[in-house]
Each structure stands twice: as C-alpha cells, then as structure tokens.
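K.L.:
This is the structure I want to talk about, given as structure tokens.
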C-alpha cells in the first residue's frame, strides 16, 4: 500500500467514525472537500474538548 492509499484510509476512517457516513459516500468526495470536512470535524472536536 502506498502513502496515498494509507492516507485515504485514514481520512475515510476519520469521517466514518465521527459522521457515520458510509465508505462509498466518503470516497465519492473530491479530495479538497474531504480535507475540508476533516478540518471542520477537527475544529468542532477542539471546541468541545475545551
């Protein structure tokens, strides 16, 4: 498995864990959109943990 594939699985697992989206829906996202979703989930988690 390459780094890109490993990173894709990390991103998919993160979104699936926090948003409970199915894998196909996550993989259908364009990379910049998926990155933005991950950033926003991270921000929400940071605010909730403060």
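What follows draws every value from the coordinates through simple rules; no lab data is involved. All values reported here derive from a predicted model rather than from experimental measurement. For neighbour counting, all protein chains shown are included, and Cβ atoms are generated from backbone atoms with ideal geometry for every residue, glycine included.
K.L.:
What is the gain in length, in nm to one decimal, between residue 49 and residue 19 on full extension, counting 0.36 nm per residue of separation less the C-alpha to C-alpha distance?
P.N.:
Between residue 49 and residue 19, full extension yields 9.1 nm more.
K.L.:
For the pair residue 9 and residue 36, how long in nm is the line joining their label points, each one 7 Å along Cα→Cβ?
P.N.:
2.8
K.L.:
Cα axis of helix 3-19 to longest principal axis of the chain: angle in degrees, 0 to 90, nearest 10?
P.N.:
Around 40 degrees separate the two axes.
K.L.:
How big is the equivalent ellipsoid of the chain along its three axes, where each semi-axis is √(5λ) from the Cα gyration tensor, reported in whole Å from largest to smallest?
P.N.:
In descending order, the three semi-axes are 20, 12, 10 Å.
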